[in-house]
1. Out of the stretch 153-172, which residues are in contact (Cβ under 8 Å) with a residue 12 or more places away in the chain and farther than 15 Å from His262 by Cα?
2. Please find, among Arg145, Arg136, Arg166, Arg156, the residue that is over 30 Å from Ser280 (Cα atoms), assigned to a helix (DSSP H, G or I) and either of a type in the set (Phe, Trp, Tyr) or under 14 Å from the mean Cα position of the chain (by Cα) (or both).
3. Say we look at the stretch 153-168 and pick out the residues that are crowded, with 16+ Cβ neighbours inside 10 Å and charged (D, E, K, R); which of these is farthest from Arg114 (Cα to Cα)?
4. Pick from the stretch 18-34 the residues that are over 13 Å from Thr339 (Cβ atoms) and assigned to a strand (DSSP E or B): which of them is farthest from ligand 1 (Cβ to nearest atom)?
5. Quick one: would you say Leu336 is at pLDDT 90 or above and within 16 Å of ligand 1 (Cβ to nearest atom)?
6. Residues in the stretch 203-221: is at least one assigned to a helix (DSSP H, G or I), crowded, with 21+ Cβ neighbours inside 10 Å, touching a strand residue (DSSP E or B) at 6+ places or on another chain (Cβ under 9 Å) and β-branched (Val, Ile, Thr)?
7. Examine the stretch 119-141 for a residue that is over 25 Å from Val85 (Cα atoms), among the hydrophobic types (A, V, I, L, M, F, W, C), in contact with a helix residue (DSSP H, G or I) (Cβ under 8 Å, 6 or more places away or on another chain) and surrounded by fewer than 17 Cβ atoms within 10 Å (Cβ to Cβ), and state whether such a residue exists.
8. Could you look through the stretch 312-339, keep only residues that are of a type in the set (D, E, K, R), away from ligand 2 (no atom under 16 Å from the Cβ) and assigned to a helix (DSSP H, G or I), and pick out the one that is farthest from Lys36 (Cα to Cα)?
Amino acid sequence: MMVRKLDLTNFRCYPALRLELPAGLVVVTGPNASGKSSLLEAIFVASAGRSQRATRDSELVMWGAKDARVEALFEREPGRDLDVVFELETSGGPRKRLIAGGKPVRRAAELLSRVPLVLFTPADLQLAQAAPVVRRRFMNLALARLRPAYADDLARYGRALMQRNRLLAMGAGETELRPWTAQMIAAGAEVAVARRRFTEEIGVLAAGVHASLAGESEKLGVDYSGNLTAEDAPAAAEQYAALLNRSMSEEARMRRTLVGPHRDDLRLTLGGQSLRRFGSQGQQRTAALALKLAEAELIKRETGAPPLLLLDDCLSELDEGRASHVLGLTESYGQLIVTSAAREAALERASAAMWLHLRGGEVERVE
Ligand SMILES: Nc1ncnc2c1ncn2[C@@H]1O[C@H](COP(=O)(O)OP(=O)(O)OP(=O)(O)O)[C@@H](O)[C@H]1O
Ligand SMILES: [Mg+2]
């Protein structure tokens, strides 16, 4: 997967930008606040219908402007293009339009699996020490890219959980809760089983990536940590129902749902020790990078095509050996776009297909 053309209008700090990008390694350098992250964010937006960092869509619109537009031409494999348009209007309340291959996209989740892409940002470096919700988001995004049905199950689970919590907060009894409990169990069982399988698959790949990144160090462990341990959905549903039965009186007292995938976590360990509690900063960052690269590997394995890989400002956090190793991945990926505020030594030595330098909203090509 690669992005061949990018066309931005009033997106963040870009009033108008048109870029054509080659396959291979694309390096984007520029001082702080020159628009490096915004460029990668625009590509992410065209693959997900939303930003990975903005809390509100309207933040993407250039200050003082009314509408923002991103158009990206993706190439899945030679001859198979997908043109994605993302449009945001803020006059008269925010309105979003998403068009892929000339047809409106009804739900943004549909796009995720059609544009396989993995973005790694400085925020992702926190994956190991962040709160569990951050690791659940990691699983959710990766799974939605791999399996469109997962996003549906997750949305159904979220809706049922919210309704059930609303009723519990009002002091509702078991009979009133029942329809939502049934939906929550059915969708929650699917979510939990998908996450468990994903964790097993990505765990093996992440340990491999980690070993090649960190050399002969301790083994990275990735384990699913959740209430539902069953192997398949029917068994997980049975288990969920039994757990809910057992926590009925506690739930009535606490006035919320106490068991289920909304409390899941990923347990990350190095040589058996919790990375969150004992890992050094460098160990935590390397583990986070290994997980994201493993996600890319998994997409490659399951869909037969390597995803587009975007690395925002991560090289400076790694030592030179690790940075060079990451840049070397270009050989197995169609396209790798890397941003950096500094001209890292590893970048100077890598052979970039294109090198862009950003300065005050202007893009210049460095030969
Ligand atoms: N909606 C917006 N409209 C106009 N400018 C914006 C908007 N959102 C952010 N900016 C500005 O765009 C500039 C570029 O931000 P960006 O995060 O892309 O920079 P960067 O090159 O990644 O910087 P750093 O090296 O510090 O990470 C910043 O000055 C930021 O304040
Ligand atoms: Mg940045």
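The values are calculated or read from the model by the stated rules, or taken from the named source; none is laboratory data. Predicted model only: the values in this text are computed from it and were never measured. Every residue, glycine as well, gets a Cβ built from its backbone with ideal geometry; the counts of neighbours run over all protein chains shown.
1. Selection gives Leu167, Leu168, Ala169, Gly171.
2. On the way: Arg136 fails: over 30 Å from Ser280 (Cα atoms); Arg166 fails: either of a type in the set (Phe, Trp, Tyr) or under 14 Å from the mean Cα position of the chain (by Cα) (or both); Arg156 fails: either of a type in the set (Phe, Trp, Tyr) or under 14 Å from the mean Cα position of the chain (by Cα) (or both).
From the options Arg145, Arg136, Arg166, Arg156, the qualifying one is Arg145.
3. Arg164
4. Gly24
5. Details: at pLDDT 90 or above: yes; within 16 Å of ligand 1 (Cβ to nearest atom): no.
Criteria not met by Leu336.
6. Yes - at least one qualifying residue is present in the stretch 203-221.
7. Yes, the stretch 119-141 contains at least one residue that is over 25 Å from Val85 (Cα atoms), among the hydrophobic types (A, V, I, L, M, F, W, C), in contact with a helix residue (DSSP H, G or I) (Cβ under 8 Å, 6 or more places away or on another chain) and surrounded by fewer than 17 Cβ atoms within 10 Å (Cβ to Cβ).
8. Kept after step one, since they are of a type in the set (D, E, K, R), are these residues of the stretch 312-339: 312-313, 317, 319-320, 322, 331.
Cutting the leftovers down to away from ligand 2 (no atom under 16 Å from the Cβ) gives us 319-320, 322, 331.
Keeping just the survivors that are assigned to a helix (DSSP H, G or I) gives 320, 322, 331.
Working: Glu320: 21, Arg322: 22, Glu331: 23 Å.
Across the stretch 312-339, the extreme among qualifying residues is Glu331.
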